[in-house]
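> First the structure, then my questions, so here it is.
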Amino acid sequence: EGPRGQALREYWRETLRDSTAALELPPDSPRPRVRRGRGGSLPFIVEAHIVRALRAISPKSSFFRTMLGAYYVFMFRLTSQTDLVVATPSTARKPPFEDVVGDFVNMLVLRAHVSREQSFRALLDHVREVVTAASSHRDYPFMRIVQDLRPTGDASRTPIYQTSFALVRQQRVSAMTGYNIEGAPCRAEMGELSGVPYYVPQQEGQLDLSIWGAEIDGTLYAEIKYDTDLFERATIARMAENFRTLLGSIACDPDCALGELDLLSAAERETVLVDFNQTDVPYPDDSTLHSLIEQQTKRTPNVIAIRSEEASLTYAELDSQANRLARTLRARGVGRGSFVGIGLERSTQLSVALMATLKAGAAYVPIDPEYPADRVRFMTEDSGVVVILTTTKLSARFPQKAPLLLLDQLDTSSESDLPIGPNVGASDVAYMIYTSGSTGQPKGAMNTHRAICNRLAWMQSAFPLDASDRVLQKTPASFDVSVWELFWPIMVGASLVMARPSGHRDPSYLAQTIIKEKITTLHFVPSMLRAFLEAPLVAECTSVRRVICSGEALPLDLQETFFERSRAELHNLYGPTEAAVDVSWWPCERGSKRSLVPIGRPIHNLRLYVLDSSFRPVPIGVVGELFIGGIGVGLGYKGRAELTASKFIPDELSGARGARLYRTGDLARQLPTGEIDFLGRTDHQVKIRGFRI
């Protein structure tokens, strides 16, 4: 309580000021609201040649400081947190207490700042300063620090720090292993007494994670202690291997930037980059979207392809009308490389317009007439559309000078209904859909025929449709989900049922339509699925075989509610507009014990990587940014070369010449079995009913 105590108090208050961020190690299980203190431990060793190299890095620094610096790097690479608090035990036994029985150990709190660009040698200088300053103020009890700082009560974590690191005496390590390095049982001599250490595995989980160890005859014997409520033993075993790999990397190149040091062993790197991405299968490489539908038309010309409340079209009628309209478009200058605006409500006319655009060699650009006028004007001008297909009823919603073609006033009967002939390839743009504009300005994302054909071929492989299937088309054409709704059924001989305009917003109407039309397959954004499951007629929708969810994260409780109220399959799909609709798939499990609904594994001919900010793969279970590779990656944003270059980067992981990765901005982690958990965003973007905000 005297002047010395006041000086110590002020030092720790200042040192730990604003140090409120908890260590966010990615757990295997949700953190309990109240810590239960259940612990486990796993011993491991670091070979003598690595220990020698680490000692040689900084002869003036103690081995403890070198290892502590490595531990800071380890925590930084596992969490991406740059402000780190690690505790270490420190003796407080001073005169006149040398002969007093009791525990005189005080936990010394060490706060360090780490950056990705910093070298390990530079970090060691910082660690030396941190340890020296803290050691000179170690007489102040840790529990007094807690009382002084009064951290916000969180019963799920220990206050101030959640991890520790220590190098201890040889006897302690011998007790951990139960054997000395020659393999004979260790003996402890205590005056006239002697004993053989007996290893008792860690019983309590004082902290989330700790590493304690000691050097014996040049080899480092260590032990990871962990909270068993948070981590599986297999995860801790991977962490031990990651730490060993990191130490070896530091030993080889201590001047390397911390963000570039290796963390993955060769085996784990092979697993996350190669084994989890074994997705190559044959696909319609040279096909175009409309050519696949033309092939189906030859097989089933007289089968109903599309049905709406007002009309229906057979495959032959759809093909005939689309050919006539395609010739009209060609006469207006539409051709390969052109963009055609689609400003139509949901109807059979919409399908004709889409097919005609593709047959003419152009790419379609959906422009929702319900969008605000400024957005419609921007999209019309930015896309450079040659023509916009719409109707008299909707024409007033487009700019006055927009190149409109009113389909309800157009007579194409004089045009030939014979095919125009192939004038577009698989690498050409099939469609361009504008993103929601989370940055304030919508962006036109271009996708090729090859990408969407692969996507639809995978879907047919995963969820085979046949002539008995009816797919409900209810997603507005301005959303990428509409692409598979509109084209997949008529590509394989099933029937497409059009919901009435604006019907996708009415759960009761949707339920009635499902019952009446005997719908077998449909899509919901999770927020709409929740509303739909409250509809009175849901129990009568017995024709439904599968429901596909995407557009938002699928909450665990919603999955459970679905399985309580439906016998259908539920599938969770994930993918951005920039990569041909969906890139991963997870078949949801009834009675699942998982804490999250995964987004699954990559679909055919796609690759998914979880990378850090240096584009290096992170260990299994560690959070990083999700990147997409493979043939589903789009061409970029129209007229946005700089933005395209920043989001579509060279793919240096696949080895494929000219390949690119799309960086999603989504946070994710890869599970030991290869599935991926979606965990949020790297920015402040959220989704509301599928819209990026």
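The values are calculated or read from the model by the stated rules, or taken from the named source; none is laboratory data. Not measured: the values here are computed from a predicted model. Note: ideal-geometry Cβ built from the backbone for every residue, glycine included; neighbour counts use all protein chains shown. For accessibility, only protein heavy atoms count, side chains too; no ligands or nucleic acids. Shrake-Rupley method; radii C 1.70, N 1.55, O 1.52, S 1.80 Å.
> For region 659-675, does any single residue satisfy the condition of being free of Cβ contacts under 8 Å to residues at least 60 places away in the same chain, open to solvent by 40 Å² or more (accessible area, probe 1.4 Å), over 19 Å from the mean Cα position of the chain (by Cα) and more than 14 Å from Val583 (Cα to Cα)?
So far as region 659-675 goes, no, none of its residues is free of Cβ contacts under 8 Å to residues at least 60 places away in the same chain, open to solvent by 40 Å² or more (accessible area, probe 1.4 Å), over 19 Å from the mean Cα position of the chain (by Cα) and more than 14 Å from Val583 (Cα to Cα).
> Go through (1) open to solvent by less than 30 Å² (accessible area, probe 1.4 Å); (2) farther than 23 Å from Ala257 by Cβ; (3) part of a helix (DSSP H, G or I) and name the single condition Arg4 misses.
Exception for Arg4: condition (1).
> If you don't mind, there's one more thing I want to ask. So, in region 128-143, of the ones that are more than 15 Å from Phe104 (Cβ to Cβ) and surrounded by 12 or more Cβ atoms within 10 Å (Cβ to Cβ), which residue ends up farthest from the chain's Cα centre (by Cα)?
Going through the qualifying residues, I end up with His137.
> Just one of (1) open to solvent by 20 Å² or more (accessible area, probe 1.4 Å); (2) farther than 21 Å from Leu573 by Cα trips up Ala535, so point out which.
(1)
> Okay, next question. Would you mind telling me which numbered condition in (1) of a type outside the set (A, V, I, L, M, F, W, C); (2) within 18 Å of Ala353 (Cα to Cα); (3) crowded, with 20+ Cβ neighbours inside 10 Å; (4) touching a helix residue (DSSP H, G or I) at 6+ places or on another chain (Cβ under 8 Å) Pro419 fails?
Condition not satisfied by Pro419: (3).
> A further question follows. Could you pull out the residue among Ser654, Ser584 that is under 24 Å from Glu268 (Cα atoms), among the hydroxyl-bearing types (Ser, Thr, Tyr) and modelled with pLDDT of 95 or more?
Checking each option against the conditions leaves just Ser584.
> Please state which one of His523, His504 is at pLDDT below 95 and outside any loop (DSSP other than H, G, I, E, B).
His504
> Another one. If you scan region 195-222, which residues turn out to be open to solvent by 30 Å² or more (accessible area, probe 1.4 Å), at pLDDT 90 or above and farther than 25 Å from Val85 by Cβ?
Passing the criteria: only Tyr221.
> I would also like to ask the following. Between a first residue in region 249-265 that is more than 22 Å from Arg52 (Cβ to Cβ) and a second residue that is β-branched (Val, Ile, Thr) and open to solvent by 20 Å² or more (accessible area, probe 1.4 Å), which pairs have beta carbons less than 7 Å apart while being 6 or more apart in sequence or on different chains?
Listed pairs, sorted by first residue: Leu264/Thr245.
Okay, residues lined up against (1) out of contact with any strand residue (DSSP E or B) (no Cβ under 9 Å at 6 or more places or on another chain); (2) modelled with pLDDT of 95 or more; (3) under 21 Å from Gly333 (Cα atoms):
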site: Ala360; (1), (2), (3): no, yes, yes
site: Pro369; (1), (2), (3): no, no, no
site: Ala373; (1), (2), (3): yes, no, no
site: Gly384; (1), (2), (3): no, yes, yes
site: Ile388; (1), (2), (3): no, yes, yes
site: Pro399; (1), (2), (3): yes, no, yes
site: Leu405; (1), (2), (3): no, yes, yes
site: Ser414; (1), (2), (3): yes, no, yes
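> Please list, ordered by first then second residue, the pairs with beta carbon atoms under 8 Å, 6 or more apart or interchain, first in region 276-300 and over 30 Å from Glu675 (Cβ atoms) and of a type in the set (Val, Ile, Thr), second modelled with pLDDT under 95 and open to solvent by 90 Å² or more (accessible area, probe 1.4 Å).
From residues that are over 30 Å from Glu675 (Cβ atoms) and of a type in the set (Val, Ile, Thr), the pairs are Thr288/Pro422.
> Moving to a separate point now. Inspect region 437-446 for any residue being outside any loop (DSSP other than H, G, I, E, B), among the hydroxyl-bearing types (Ser, Thr, Tyr), buried (at least 18 other Cβ atoms within 10 Å of the Cβ) and out of contact with any His (no Cβ under 8 Å at 6 or more places or on another chain) and give the result as yes or no.
no
> For region 354-410, what are the residues that are hydroxyl-bearing (Ser, Thr, Tyr), part of a helix (DSSP H, G or I) and open to solvent by less than 20 Å² (accessible area, probe 1.4 Å)?
Thr357, Thr380, Ser383
> Quick one: Thr520 ticks every box in (1) buried (at least 19 other Cβ atoms within 10 Å of the Cβ); (2) closer than 18 Å to Trp585 by Cα except a single one, so which number is it?
Answer for Thr520: the failing condition is (2).
> Those residues that are surrounded by fewer than 17 Cβ atoms within 10 Å (Cβ to Cβ) and among the basic types (Lys, Arg), I need them from region 86-127; list them, please.
Of everything in region 86-127, those that are surrounded by fewer than 17 Cβ atoms within 10 Å (Cβ to Cβ) and among the basic types (Lys, Arg) turn out to be Arg93, Lys94, Arg116, Arg121.
> Can I ask one more? Taking into account only those residues within region 625-658 that are surrounded by fewer than 16 Cβ atoms within 10 Å (Cβ to Cβ) and of a type in the set (Asp, Glu), which is farthest from the chain's Cα centre (by Cα)?
Glu642
> Would a scan of region 149-166 turn up a residue that is more than 35 Å from the chain's Cα centre (by Cα) and farther than 30 Å from Pro30 by Cβ?
Looking through region 149-166, none of the residues is more than 35 Å from the chain's Cα centre (by Cα) and farther than 30 Å from Pro30 by Cβ.
> Could you tell me whether region 583-592 includes any residue that is touching a Lys or Arg at 6+ places or on another chain (Cβ under 9 Å), buried (at least 20 other Cβ atoms within 10 Å of the Cβ) and not in a strand (DSSP E or B)?
yes
> State all residues of region 223-268 that are over 17 Å from Tyr71 (Cβ atoms), open to solvent by less than 20 Å² (accessible area, probe 1.4 Å) and of a type in the set (Ser, Thr, Tyr); if no residue qualifies, say none.
The one that is over 17 Å from Tyr71 (Cβ atoms), open to solvent by less than 20 Å² (accessible area, probe 1.4 Å) and of a type in the set (Ser, Thr, Tyr): Thr235.
> Please give the number of the condition Tyr431 fails out of (1) crowded, with 20+ Cβ neighbours inside 10 Å; (2) in a loop (DSSP other than H, G, I, E, B).
Among (1) crowded, with 20+ Cβ neighbours inside 10 Å; (2) in a loop (DSSP other than H, G, I, E, B), the lone unmet condition for Tyr431 is (2).
> On to the next question. Being part of a loop (DSSP other than H, G, I, E, B) and without any contact (Cβ under 8 Å) to a residue 60 or more places away in the chain is the filter here, so list the residues in region 602-640 that pass it.
Phe615
> What number of residues within region 538-582 satisfy the criterion of being in a loop (DSSP other than H, G, I, E, B), charged (D, E, K, R), open to solvent by 30 Å² or more (accessible area, probe 1.4 Å) and farther than 14 Å from Leu596 by Cα?
2
> Is there any pair with a first residue in region 486-498 that is in a loop (DSSP other than H, G, I, E, B) and a second that is β-branched (Val, Ile, Thr) whose Cβ atoms are under 9 Å apart and which are 6 or more apart or on different chains, and what are they?
From region 486-498, the pairs are Gly493/Thr300; Gly493/Val303; Ala494/Val471; Ala494/Thr520; Ala494/Thr521.
> How many residues, within region 8-59, are over 20 Å from Phe165 (Cα atoms), aromatic (Phe, Trp, Tyr) and buried (at least 18 other Cβ atoms within 10 Å of the Cβ)?
0
> Any residue at all in region 172-189 that is in contact with a strand residue (DSSP E or B) (Cβ under 7 Å, 6 or more places away or on another chain), assigned to a strand (DSSP E or B), hydrophobic (A, V, I, L, M, F, W, C) and at pLDDT 90 or above?
Taking every residue of region 172-189 in turn, none turns out to be in contact with a strand residue (DSSP E or B) (Cβ under 7 Å, 6 or more places away or on another chain), assigned to a strand (DSSP E or B), hydrophobic (A, V, I, L, M, F, W, C) and at pLDDT 90 or above.
> Right, next: Which residues, counting only those in region 276-292, are part of a helix (DSSP H, G or I) and either at pLDDT below 95 or under 19 Å from Arg336 (Cα atoms) (or both)?
Leu289, His290, Ser291, Leu292
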